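Student: Handing you a structure now.
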Amino acid sequence: MPERRYDAVVFDLLTALIDSWTLWNAVAGSQAAGMCWRRRYLELTYQAGTYTPYEGLVERAAFESGLDADRARKLVRRWGELAPWPETHAVVAALARRVALGIVTNCSERLGQIAADRAGGPFAKIVPAEDVGYYKPRPETYRAVLAALHADPARVLFVAGSAADVPGARNAGMKVYWHNRIGLKPLDGAAPDFTETSLHRLLELV
């Protein structure tokens with residue numbers, strides 16, 4: 001039997017495991033409005049560093065992208081409608097039989113748990129930014145999930161969804177698999193170890 005390359009796999013939640021774009025677009029009223037809102041939200045979380053209430057950032061992003069604040073409240077009310085990518089449940093279940101799985105997310109604790117439940121499992125540890133006190137890509141968030149899993153970063157594969165997670169996770173010492181489903185542009189030239197448009201190849205790598 002070949003030697004196992006990884007002891008754990010850690011996932012970003014809202015883009016790596018969940019198709020959050022579809023719900024955001026539906027609540028915004030169009031794909032264009034949803035993408036603008038979502039991109040502004042991502043910018044705000046990356047810039048924030050220190051944790052401030054997640055729902056407030058989502059609302060601010062809506063306002064700054066030309067939507068009314070009620071759109072953000074409606075998104076939160078519909079959070080349970082978030083859908084996993086088609087292969088998420090099968091891939092996660094297969095990986096969970098091989099290694100420990102973790103999630104680190106910029107969601108609040110409550111919304112993170114709802115989304116994680118939609119992604120299947122089992123997950124050994126779910127670490128929301130609210131618990132850490134910082135948003136990704138601050139290093140504290142990645143270190144927190146590594147500590148919770150008692151894992152050597154060199155033996156952990158991080159599955160990124162958003163562009164900022166690529167340099168964030170690499171700087172924490174992990175190999176990075178970028179599940180770039182919708183063709184996001186790399187951030188600051190950061191290069192992942194693997195780039196795929198689905199989760200399927202994880203079953204070959206882990």
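The values are calculated or read from the model by the stated rules, or taken from the named source; none is laboratory data. It should be emphasised that the depicted structure is a prediction, and the values quoted were computed from it without experimental measurement. Reconstructed Cβ throughout: ideal geometry from the backbone, glycine too, with neighbour counts over all protein chains shown.
Student: Among (1) modelled with pLDDT of 95 or more; (2) β-branched (Val, Ile, Thr); (3) in a loop (DSSP other than H, G, I, E, B), there is one condition Thr52 misses while meeting the rest; what is its number?
Tutor: Result: Thr52 passes all but (1).
Student: Another question, then. Quick check on the stretch 82-102. Is at least one of its residues among the hydroxyl-bearing types (Ser, Thr, Tyr) and at pLDDT 95 or above?
Tutor: Yes, there is a match, as at least one residue in the stretch 82-102 is among the hydroxyl-bearing types (Ser, Thr, Tyr) and at pLDDT 95 or above.
Student: Search the stretch 103-113 for residues being crowded, with 23+ Cβ neighbours inside 10 Å and either under 12 Å from the mean Cα position of the chain (by Cα) or small (Gly, Ala, Ser) (or both), and hand back the single one that is farthest from Pro128 (Cα to Cα).
Tutor: The residue in question is Ile103.
Student: Next up: Looking at the stretch 171-203, which of the residues that are in a helix (DSSP H, G or I) and modelled with pLDDT of 95 or more is surrounded by the most Cβ atoms within 10 Å (Cβ to Cβ)?
Tutor: Top of the filtered list is Leu202.
Student: Among (1) part of a helix (DSSP H, G or I); (2) crowded, with 18+ Cβ neighbours inside 10 Å; (3) small (Gly, Ala, Ser), where does Ala32 come up short?
Tutor: Of the numbered conditions (1) part of a helix (DSSP H, G or I); (2) crowded, with 18+ Cβ neighbours inside 10 Å; (3) small (Gly, Ala, Ser), the odd one out for Ala32 is (2).
Student: I need the full set of residues from the stretch 114-138 which are within 16 Å of Gly168 (Cβ to Cβ), part of a helix (DSSP H, G or I) and not small (Gly, Ala, Ser), in order please.
Tutor: Residue satisfying the conditions is Val132 alone.
Student: Another one. Of the residues in the stretch 55-81, how many are in contact with a Lys or Arg (Cβ under 7 Å, 6 or more places away or on another chain) and assigned to a helix (DSSP H, G or I)?
Tutor: 3
Student: Among the numbered conditions (1) of a type outside the set (Gly, Ala, Ser); (2) surrounded by 21 or more Cβ atoms within 10 Å (Cβ to Cβ); (3) free of Cβ contacts under 8 Å to residues at least 40 places away in the same chain, tell me where Gln47 comes up short.
Tutor: (2)
Student: Also, I was wondering about something else. Identify all residues within the stretch 1-29 that are over 16 Å from Ala62 (Cβ atoms) and part of a helix (DSSP H, G or I); write none if there are none.
Tutor: Matches in the stretch 1-29: Thr22 only.
Student: Here's something else I'd like to know. Name the single residue that is surrounded by the fewest Cβ atoms within 10 Å (Cβ to Cβ) among those in the stretch 139-170 being acidic (Asp, Glu) and closer than 21 Å to Leu95 by Cα.
Tutor: My answer is Asp152.
Student: I've got another one for you. Need pairs with beta-carbon distance below 8 Å; first residue in a helix (DSSP H, G or I) and within the stretch 99-113, second surrounded by fewer than 24 Cβ atoms within 10 Å (Cβ to Cβ) and not acidic (Asp, Glu); sequence gap 6+ or separate chains.
Tutor: What qualifies is Leu111/Val76; Leu111/Trp79.
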